[in-house]
1. Filter segment A:61-77 down to residues that are in contact (Cβ under 8 Å) with a residue 12 or more places away in the chain and farther than 14 Å from A:THR41 by Cβ and give me whichever is surrounded by the fewest Cβ atoms within 10 Å (Cβ to Cβ).
2. Mind listing whichever residues of segment B:119-147 are of a type in the set (Gly, Ala, Ser), touching a Cys at 6+ places or on another chain (Cβ under 7 Å) and more than 14 Å from chain A (Cβ to nearest Cβ)?
3. Please verify whether segment B:102-118 includes one or more residues that are touching a residue at least 12 places away in the same chain (Cβ under 8 Å), closer than 29 Å to B:VAL217 by Cα and within 14 Å of chain A (Cβ to nearest Cβ).
4. Hey, among the residues in segment A:324-374 that are within 14 Å of chain B (Cβ to nearest Cβ) and in contact with a strand residue (DSSP E or B) (Cβ under 7 Å, 6 or more places away or on another chain), which one's farthest from ligand 2 (Cβ to nearest atom)?
5. Just to be sure, is A:LEU315 hydrophobic (A, V, I, L, M, F, W, C), within 22 Å of the chain's Cα centre (by Cα) and either within 15 Å of ligand 1 (Cβ to nearest atom) or crowded, with 21+ Cβ neighbours inside 10 Å (or both)?
6. Any idea which of (1) away from ligand 1 (no atom under 16 Å from the Cβ); (2) touching a residue at least 40 places away in the same chain (Cβ under 8 Å) is the one A:TRP203 doesn't satisfy?
7. Test A:THR462 against the criterion of being over 26 Å from B:ILE127 (Cβ atoms) and either away from chain B (no Cβ under 14 Å) or surrounded by fewer than 22 Cβ atoms within 10 Å (Cβ to Cβ) (or both), and give yes or no.
8. Please tell me if B:GLY141 is within 16 Å of ligand 2 (Cβ to nearest atom), of a type outside the set (Ser, Thr, Tyr), touching a helix residue (DSSP H, G or I) at 6+ places or on another chain (Cβ under 9 Å) and not assigned by TED's automatic domain parsing to the domain that holds B:ALA44.
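The values are calculated or read from the model by the stated rules, or taken from the named source; none is laboratory data. Since the structure is predicted, the reported quantities are computational estimates derived from the model, not experimental observations. We place every Cβ from the backbone using ideal geometry, glycine too, and count neighbours over all the protein chains shown.
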Amino acid sequence: MSTVATGLKTANDLEQYRRHLLGERDPRAHRVRVCVGTGCTAKGAKGVLELFNRTAEEAANDGVIVETKCTGCHGFCERGPIVVVDPGNIFYHGVKREDVPEIWRESLTGGRIVERLLYKDETTGQVAKTPDEIPFYKAQHRIVLAYNGVIDPTKIEEYVAVGGYAALAKVLTSMEPKEVIDEITNSGLRGRGGGGFLTGRKWRSARDAQSEPRYVIANGDEGDPGAFMDRSLMEGAPHSVIEGMIIGAYAIDSSQGFVYVRNEYPLAVQHLSTAIAQARELGLLGYDILGSGFDFDIRINRGSGAFVCGESTALMASLEGRVGEPRAKYIHTVESGLHEKPSLLNNVETWANVPQIILKGADWFASLGTEKSKGTKVFSLVGKVKNTGLVEVPMGMTLRQIIYDIGGGIRDDKAFKAVQTGGPSGGCIPARYLDEQVDFDRLTELGSMMGSGGMIVMDEDTCIVNFAKYFVGFLKDESCGKCTPCREGIAQMLHILEGIAKGEGKDGDIERLEQLGTLMEDTALCALGKTAANPVLSTIRYFRAEYEEHIREKRCPAKECPGLFNYEINRDVCTGCGLCAKKCPVEAITGERKKPHAIDQQKCTNCGTCFDACPFSAVVKV
Amino acid sequence: MPTVTIDEKPYRADVGETILEVAQRNGIWIPTLCHHQALEPYAACRICVVEIDRGGWWQVVTSCNYPIRRALTVRVNSERAIRARRGVMELLLARCPESPQLRRLANRMGVEGTPYPHIAAAQENCILCNLCVRVCSERIGASAISMVGRGGDRTVATPFRMSSEDCIGCGACAAVCPVGTIDLIFHEDEVEISPFETRVTLRRCAECGRPVGSELVNEVLASRGGPTLVEMLAGDAYCLRCKRKKLAERLTAAVPGNGSGRAAQERSLPGGTNVQTGLHAGNPRSIRVGEAG
Ligand SMILES: Cc1cc2nc3c(=O)[nH]c(=O)nc-3n(C[C@H](O)[C@H](O)[C@H](O)COP(=O)(O)O)c2cc1C
Ligand code: SF4
Ligand code: FES
């Protein structure tokens, strides 16, 4: 579509190039944007794109010009593949190859709308044409995700055209490193990777560190189960991350950067590699960037696949080619990190915020959010909500707004039970706090944390013990095993939780879990172990009675723990088909044909076979 | 010179010293397991934790690697510090219920037993302190063993869990193990490092047949330009005891009625190097192999 420039020598060259790119654009062009993020690709987006491409090529011969382009993740992956048609910003979801001819004929060239592929609100029945009309997007405020779904992440021209690298040009031409650090500090930006550390302060420490060289690192390890905000950013807007890193490098005087990407993210690696190569070619990376005399380059490193590698010291060990294990050192990595040199590590999302802050100013950023948590945060909203996906909202939005307005409420209109925030080492928050504002400090006060932005919603059918057990089990597999409290403590915790879930819980188990939690928090080597008990401690804090019911009465009120509830046959529903009796492995079910059957509780082993087998849902859990 | 206040008593310390070093120098006992003064701190067992004053709050830190930078206030025997150390010990006892060494340390810490069950681990009776791995790489330079696996699967092992070609059979790992898990088994003409299934040719005393050391240790010491084991043992293929006996016999023969122990001592350890290959004893403080000359 456009000529690719090489070797921009000055900030002015960049601006000229941007104007040139915009000049080439036809605002009325007919364009189809196909999401090729990991989610949509898994649902067949590549086939859709390919068919659009082929159709466009054929049509071009007849003089019909339609632009096709691929974009990064829109965040609404469960509705994928997502296709957007311009002009009009018409949002189609669940698009299959078979739908392509119709979209082409009706929407792209006919100027009409394919109603059946539009989003329809389940409850109100309202149909939405554009993303802004969809409740899932309406309440969002997209800063870092702004380019996702809009630009082609594999083309630097697209990023430049929307104002990309203008922040870098501004920094290089008109700001001293110290001013850059002040701007970030004044914005109130806090790290999006877990701890919520003030980014500006971290940058200052890195700059003040005595030794050289200094390194800049982006943490794209993202190991939380169910989380994919960083993946979507690296895939959908890799240049935002890179631009942020160059600005950070300028601020702390570093000439080498690294992006540490989780091994399971091949598309992120691919898009980042492309982006880095393009930035180099354009003179935005490498020697003498935009003629400023400042040199900086970035290398990509693929993670070794362990959750703990996201921890700063483990990540740096892994970058050095050693085993990705946390290091016990009472010296911060900004002073002595990678190769024992000052190393500035920020999360991918933190980096992506930087260019925006530089362009729009610290005040603008600080005007969003709460007193001590500024800007927006991307959450990965999953679990029992109607709409799952990536949501970016201003800090301070309430849990209720996120779960009900954006998430559409609980699936099958069940009752909300709790939400786990902060990933596996976060905590769970019960219904009575739904109106609390989501920010770093409030979540911590509630016994949970922001973490990197995972949000897992539970409904009334979720057993809290089972839920805690799931996370402890995850952490047991992910503990590096180096230090005693984490390795042994998690194993003991899991052992106790498994006992409780099997009906073998004893008095004192809850207190033992609490003691272990304190011990691990006090003595574990890294934050994985120190926070590993959070899911247990927070569920005990809010759902102690449910633990006690498991332990004392051997009952699971959510009816999830096998053996801690019974199966019965509802006589009013049972048709007497006899299927359950045939399948029961212990012959506990009897009854005459065509008459309601019954389960002999003495014989029943609670295996649940009848529950799954009954075609009429007559078998119930009690 | 910063002052370190430990349990309300002031002590002088050097910048860069660890809390543990200051405490030990002043006779204050803090239990340790993964620490060895000849090795870099690793701080993984967490048995040595103490509390430090962070101005308004007390942080639990590992004393073996917490460096003194400025004046510092430490609590070694506060309720929280003791509870934390005992808690760690209880977890270790559950892992390694059979180690007498571990139980002795537990007793000294006031821990009678453990409330936790023994959960099967990939390597039984190993506390994963990593001392063996570190002595082998940092001091011996062989790197024959390493930590493999994650979490509960973590074990110390040779590459591919096969007899290691890098092992020189020096036995330093066995000597340094604080819980007595690594054994040296002497076969006819080989020494086996027991959990690693590694075997190395063994040199026995020409006189009494007692094990002297592994052949490879000789070669390695020679290749590093230092005195070899054979040279250190005064050129003979005898064990220390037989050699001493022979020397004594020679001396007694030369100077009738005067068996001077001093001359024997001077000749037995040239260069003042104390070579303890681990074949003889389990005193972890005497690993000095490789520092010779
Ligand atoms: C077990 C563990 C896993 C972590 N994983 C990640 C991760 O995947 N991504 C990330 O950005 N930070 C992760 N962190 C936090 C990092 O250690 C570090 O604090 C963060 O990258 C700093 O960036 P920020 O200041 O921008 O948040 C993890 C921490 C721990 C203890
Ligand atoms: S706390 Fe867990 S993950 Fe961290 S060093 Fe200890 S064992 Fe490894
Ligand atoms: S002796 Fe300090 S952590 Fe092991």
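1. Among residues in segment A:61-77 that are in contact (Cβ under 8 Å) with a residue 12 or more places away in the chain and farther than 14 Å from A:THR41 by Cβ, the one surrounded by the fewest Cβ atoms within 10 Å (Cβ to Cβ) is A:ILE65.
2. Once the filter is applied, which keeps residues that are of a type in the set (Gly, Ala, Ser), touching a Cys at 6+ places or on another chain (Cβ under 7 Å) and more than 14 Å from chain A (Cβ to nearest Cβ), segment B:119-147 yields B:ALA142, B:ALA144.
3. Scanning segment B:102-118 turns up no residue that is touching a residue at least 12 places away in the same chain (Cβ under 8 Å), closer than 29 Å to B:VAL217 by Cα and within 14 Å of chain A (Cβ to nearest Cβ).
4. Taking segment A:324-374 as the starting set, the residues that turn out to be within 14 Å of chain B (Cβ to nearest Cβ) are A:324-332, A:335-336, A:340.
Still in the list and also in contact with a strand residue (DSSP E or B) (Cβ under 7 Å, 6 or more places away or on another chain): A:328, A:330.
Numbers: A:ALA328: 8, A:TYR330: 14 Å.
Top of the filtered list is A:TYR330.
5. Yes.
6. (1)
7. Numbers: over 26 Å from B:ILE127 (Cβ atoms): yes; either away from chain B (no Cβ under 14 Å) or surrounded by fewer than 22 Cβ atoms within 10 Å (Cβ to Cβ) (or both): yes.
Considered against the rule, which asks whether it is over 26 Å from B:ILE127 (Cβ atoms) and either away from chain B (no Cβ under 14 Å) or surrounded by fewer than 22 Cβ atoms within 10 Å (Cβ to Cβ) (or both), A:THR462 comes out as yes.
8. So B:GLY141 does not fit the description; no.
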